[in-house]
Amino acid sequence: MECCRQLVVLVDVLLVLAFCGHIAWTVKASSQCKQALSREIRPHSVAITEFGAVGDGVTLNTKAFQNAIFYLNSFSDKGGAKLFVPAGRWLTGSFDLISHLTLWLDKDAVILGSNNPDDWPVVDPLPSYGRGVELPGGRHRSLIYGRNLTDVIITGDNGTIDGQGSVWWNWFQRKTLDYTRPHLVELMNSTGVVISNLTFLNSPFWTIHPVYCSHVIVQNVTILAPLDSPNTDGINPDSSNDVCIEDCYISTGDDLIAIKSGWDEYGISFARPSTNIIIRRLIGHNRNGSGIAIGSEMSGGVSEVYAENLYFFYSSTAITIKTARGRGGYVRNIYILNVTLVGVDTAIRFDSTFSPHPDDFYDPNALPVIERITIKDVIGNNIKVAGLLKGIEGDTFHHVCLLNIALTITSGSPWNCSHIQGYSAMVSPETCEPLKESIYPNHSSDCYHLSNHLRSSVGILILAISQAQQQPHHQ
């Protein structure tokens, strides 16, 4: 009985220390996610109808959006302005945003993407990619687009932005496109971006794509596309820093969130990493992608990713790192915790065979550095495979740490690992041989973001449980 009381005390202490250990992350995340909310009030406001827009779902309103934003640009140095989109179905082609602008959609407002590809102009490829992701050459510009902007807010009362992507999916599958498909929203080289309180539907390609951006908040959005729609990723931070994504529901045909940073030699040369990415309270599912993916275009580097409170159901994969020979770059200092899975094919996957390259000029000797990946507090039911963790021969992925993972597995081979090195503790089913060495007591310093006091407390608890199990029981 005394032993049990001591264990209860240790558990209580552990919980307190674990809470304290996350205070720094919590403060940082709260600050990062709320810093731009005060900018939602604008001293000037106009409605899109004042510029001749017709919300019948048939009239093309591209000029109305362009003219309204041109007019509002005169207020950019006077506190900014708001463009109000009232109830209606507002068909439009691609249009540009400006700095110090709030695009506000009423709850019954729907912005519809045109089905005419001529309404989506072709622009240059991103320098960190060297070409379009799907085809050589340029790419169609996103429906809502902006570059070199400061203080941009896209929000509303849960209005809708619908890319009407099915026509683009058909063109892609029939291989009749001349250029890479457009995203639904793309902001380039911008800072102070907020996207919140909206529903995004049927993107032609990736849905929300901040690239070369800093201080980005995506908050309380719903993103939907058919589960068989090709490459309709939800949110893809790309060569961007200080990004917060929270309270989102995403159901698409590919990755719910994919963190990227450029493609092979172009990403290596451009050298703009994605760093300081926070993801919290994400719910969703897919058929072909992952809940959270890093890569496969990660040649500029990805680091300092913190993701917590994730729920993925009836999906292909929960957590994925995708890379290949020739990518170069790095993925390091990744911390993922509090994950709940139901009906997922593969819980954790490291895939080093994502081999599409932009051209023949990539360096096959440019090997990615994958290290210091911590995944903890994962529970899952009806999971086919716990982990497929494949590094690269001659390029072992180091310091992979798994802690407190409990999965109910339906296959006979829960783990498949190669060219992986790391540690584990309290993992069920028992992990693969390269990760069997215990985190405690000798390797906790090799595991990213397990603070000293939390590490020591968990070690004490494990030791106490082990000793208690070895003592005789008394009635």
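Before moving on, here are some points about what is shown:
- Residue in region 16-30 that is modelled with pLDDT under 95, among the aromatic types (Phe, Trp, Tyr), surrounded by fewer than 19 Cβ atoms within 10 Å (Cβ to Cβ) and out of contact with any Pro (no Cβ under 6 Å at 6 or more places or on another chain) present: yes
- Filter result for the condition that a residue is polar (S, T, N, Q) and closer than 26 Å to PRO364 by Cα, over SER251, SER269, SER229: SER269
- Exactly one residue out of SER196, SER190, SER128 is open to solvent by less than 10 Å² (accessible area, probe 1.4 Å), within 19 Å of VAL85 (Cβ to Cβ), under 19 Å from the mean Cα position of the chain (by Cα) and modelled with pLDDT of 95 or more: that is SER196.
- LEU177 over 27 Å from GLY88 (Cβ atoms), assigned to a loop (DSSP other than H, G, I, E, B) and in contact with a Leu (Cβ under 7 Å, 6 or more places away or on another chain): yes
- Residue in region 375-385 that is basic (Lys, Arg) and open to solvent by less than 40 Å² (accessible area, probe 1.4 Å) present: yes
Condition check ((1) surrounded by fewer than 24 Cβ atoms within 10 Å (Cβ to Cβ); (2) over 19 Å from ASP377 (Cα atoms); (3) of a type in the set (A, V, I, L, M, F, W, C)) across all residues:
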position	(1), (2), (3)
ILE277	no, yes, yes
ARG287	yes, yes, no
ALA293	no, no, yes
GLU308	yes, no, no
TYR311	yes, no, no
ILE321	no, no, yes
ARG325	yes, yes, no
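- For region 408-431, the set of residues classified as under 26 Å from GLU393 (Cα atoms), assigned to a loop (DSSP other than H, G, I, E, B) and small (Gly, Ala, Ser) consists of GLY412, SER413, listed by residue number.
- Selected residue (criterion: nearest to THR160 (Cα to Cα)) from residues of region 63-89 that are open to solvent by less than 10 Å² (accessible area, probe 1.4 Å), free of Cβ contacts under 8 Å to residues at least 60 places away in the same chain and assigned to a strand (DSSP E or B): LEU83
- Condition met for SER451 (surrounded by fewer than 15 Cβ atoms within 10 Å (Cβ to Cβ) and either at pLDDT 50 or above or on the phi > 0 side of the Ramachandran plot (or both)): no
- Residues (open to solvent by 40 Å² or more (accessible area, probe 1.4 Å), under 30 Å from LEU450 (Cα atoms) and either in contact (Cβ under 8 Å) with a residue 60 or more places away in the chain or in a loop (DSSP other than H, G, I, E, B) (or both)) located in region 355-371: LEU367
- Test: residue in region 349-361 that is of a type outside the set (D, E, K, R), touching a helix residue (DSSP H, G or I) at 6+ places or on another chain (Cβ under 9 Å) and over 22 Å from GLY289 (Cβ atoms): yes
- For the residues GLY159, GLY163, the requirement of being of a type in the set (Gly, Ala, Ser), buried (at least 24 other Cβ atoms within 10 Å of the Cβ) and over 24 Å from TRP263 (Cα atoms) singles out GLY163.
- Close Cβ contacts (under 8 Å, 6 or more residues apart or on different chains) running from residues in region 421-441 that are open to solvent by less than 10 Å² (accessible area, probe 1.4 Å) to residues that are among the basic types (Lys, Arg) and assigned to a helix (DSSP H, G or I) comprise ILE439/ARG455.
Here's the yes/no breakdown for (1) more than 26 Å from PRO273 (Cβ to Cβ); (2) in a loop (DSSP other than H, G, I, E, B); (3) in contact with a His (Cβ under 6 Å, 6 or more places away or on another chain); (4) of a type outside the set (D, E, K, R):
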{"residue": "ILE98", "(1), (2), (3), (4)": "yes, yes, no, yes"}
{"residue": "TRP104", "(1), (2), (3), (4)": "yes, no, no, yes"}
{"residue": "ASN115", "(1), (2), (3), (4)": "yes, yes, no, yes"}
{"residue": "PRO125", "(1), (2), (3), (4)": "no, yes, no, yes"}
{"residue": "GLY132", "(1), (2), (3), (4)": "no, yes, no, yes"}
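- Matching residues in region 241-300 - criterion: being more than 25 Å from LEU224 (Cα to Cα) and β-branched (Val, Ile, Thr): ILE268, THR275
The values are calculated or read from the model by the stated rules, or taken from the named source; none is laboratory data. Only a predicted model underlies this, so the values are computations on that prediction, with no experimental measurement involved. Don't worry about glycine lacking a Cβ; one is built from the backbone with ideal geometry, like all the others, and counts go over all protein chains shown. Areas reflect the complete protein model, heavy atoms only, side chains present, ligands, DNA and RNA absent. Shrake-Rupley method; radii C 1.70, N 1.55, O 1.52, S 1.80 Å.
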